[in-house]
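Single-structure report; data block below.
Derivation of every value follows stated rules applied to the coordinates shown; laboratory data play no part. These numbers come from a predicted model, not from an experiment. As a convention, Cβ positions derive from the backbone with ideal geometry for all residues, glycine included, and neighbour counts pool all protein chains shown.
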Amino acid sequence: MLMYMLKRIGLALLVALTVSIIAYLLLHLSGDPAIALAGEGARQADIEMIRKAYGLDRPIAVQYADWLWNLLNGNFGTSVYFKTDVGALILDKIGTTLMLGVCALGVALAVSIPLGVLAAIYKNSWIDRLCLAIAVLGQALPNFFFALLLIMLLSISWRLLPVSGSGTWQHLVMPSIALGYYVAPAFMRLIRAGMIEVLGADYIRTARAKGLPVRSVVFKHALRNAIVPVVALAAVQLGYLLGGSVVIETIFALDGLGYLAYQSITFKDYPVMQTIVLLLSVIYVLLTLASDIANAWLDPRIRVS
């Protein structure tokens, strides 16, 4: 188990380093940062002054090495638009995004597990088709459109929840539903396929032959084994939820990383953009690493292979 963990950690560090290089290069390849910071109609002298002030006149490899070294030492730079330390700015926003991601994942699991179990138990019946239809609808419906429907229904028509803002748990309800329902179909299909496979296993037939209650057979024996692949998918989907919260946070005006990313793109705030992209990518890598280790602990066949 220790050797498996060390190999996965080494691979995760290599992936994180590669992601940092790509994140840095993409923002620079999208255009000249000095021209973007100077604004339209800026004089060449002003552009050159900004290029020298931010160190953009140096080779790209030197700029990246200096940026990475500063990050490793806790220096995230200064925001061009907000005129404050990037690290403090992100630290102030990340709590909202993490809470939104966890709540959305909870909504996805709360919807997908019952639907997946029902679809597997009543395979090829109208219940199975109804569950699959709900899953297809969630996958096909864009989350921003679903978010607008929730606003019209729960805020404008019924006045149950606030339209936008953050600060209370009510502000997280609609964003969590909008994000969670979009990723729920992937969980539902995985649980359905796993349950169908497990319910046909010999030990399940033996449990039924012994006269065990249906609830015990389904939830204690079948679901416990079918849920193992969901651990890996949950980690991946949580990373997606954190990175994909930009649109939802913008629609609901949540004061999180997603909305901050939207603002940094709008105002061409390169230090904030680079740090957010790298941070979300590293979180995604760490979640994938955690899922690999958890799966290896749950299923010894993985670490043996």
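When only alpha carbons are used to place a centre, the range 253-298 and the range 100-168 end up 24 Å from one another. Summary value for the chain: 26 percent relative contact order, contacts being C-alpha pairs under 8 angstrom separated by 6+ residues. Neighbour counting of Cβ atoms within 10 Å sorts the residues Trp158, Trp297, fewest neighbours leading, into Trp158, Trp297.
The string of couplings for the range 8-20 from the Karplus curve (6.51, -1.76, 1.60, θ = phi - 60°) is 5, 5, x, 5, 5, 5, 5, 5, 4, 5, 4, 5, 4 Hz, one whole number per residue in order, with x for Gly and Pro.
In the range 52-87, which residues have a backbone nitrogen under 11 Å from the label point lying 7 Å from Gln263's Cα in the Cα-to-Cβ direction? It comes to 81-84, nothing else. In square nanometres, what is the average projected area of the Cα convex hull of the chain? Seen from a random direction, the Cα hull of the chain projects 20.6 nm² on average. Working from the alpha-carbon coordinates of the range 155-305, get Rg over Rh, Rh being the Kirkwood radius. Using Cα coordinates only, the ratio equals 1.12. Separation of the range 19-53 from the range 77-95 is 19 Å, based on Cα centroids. Amide H contacts of Thr78 (H built 1.01 Å from N, in plane; Pro and chain starts excluded): Val86 sit under 5 Å, all sequence-distant by 5 or more or on other chains.
For the chain, what is the charge dipole size about the Cα centre, in debye to the nearest 20, if Lys and Arg each add +1 at the Cβ and Asp and Glu each add -1 at the Cβ?
1420
Computed from point charges on the beta carbon alone (+1 for Lys and Arg, -1 for Asp and Glu), the dipole magnitude for the range 2-72 about its Cα centre is near 380 Debye. Against the chain, whose longest principal axis comes from its Cα atoms, helix 270-298 is set at around 30 degrees. From helices alone, the chain scores -24500 deg cm²/dmol at 222 nm; the rule is -39500 (n - 2.57) for each run of n ≥ 4 DSSP H residues, then divide by the residue total.
For the chain, lysine pairs separated by 8 or more sequence positions, or belonging to different chains, with Cα-Cα distances below 22 Å total 7. Taking the fewest neighbouring Cβ atoms within 10 Å as the starting point, the ordered list for Val86, Val282 is Val282, Val86. Note on the chain: GNM, Cα springs under 10 Å; of Gly95, Gly167, Gly116, the largest mean-square fluctuation is that of Gly167. Out of Ala38, His28, Thr18, whose Cα points farthest toward the positive end of the dipole of the range 2-72 (charges: +1 Lys, Arg; -1 Asp, Glu; placed on Cβ)? Selected residue: Thr18. Springs between Cα atoms under 10 Å define the GNM used for the chain, and in it the highest mean-square fluctuation of Val15, Val163, Val62 occurs at Val62. What the phi angles of the range 121-133 give under the Karplus curve with 6.51, -1.76 and 1.60, with θ = phi - 60°, is a coupling list of 5, 9, 4, 6, 9, 5, 5, 4, 5, 5, 4, 5, 5 Hz, glycine and proline written as x. Across the range 228-245, computed HN-Hα scalar couplings (Karplus, 6.51 cos²θ - 1.76 cosθ + 1.60, θ = phi - 60°) run 4, x, 5, 4, 5, 5, 4, 5, 5, 5, 5, x, 5, 4, 5, x, x, 7 Hz from first to last residue, x flagging Gly and Pro.
Fewest Cβ neighbours within 10 Å first, please rank Glu249, Glu197 accordingly. All intermediate terms of the calculation are to be shown ahead of the outcome.
On the way: Glu249 26, Glu197 13.
Ascending number of Cβ neighbours within 10 Å: Glu197, Glu249.
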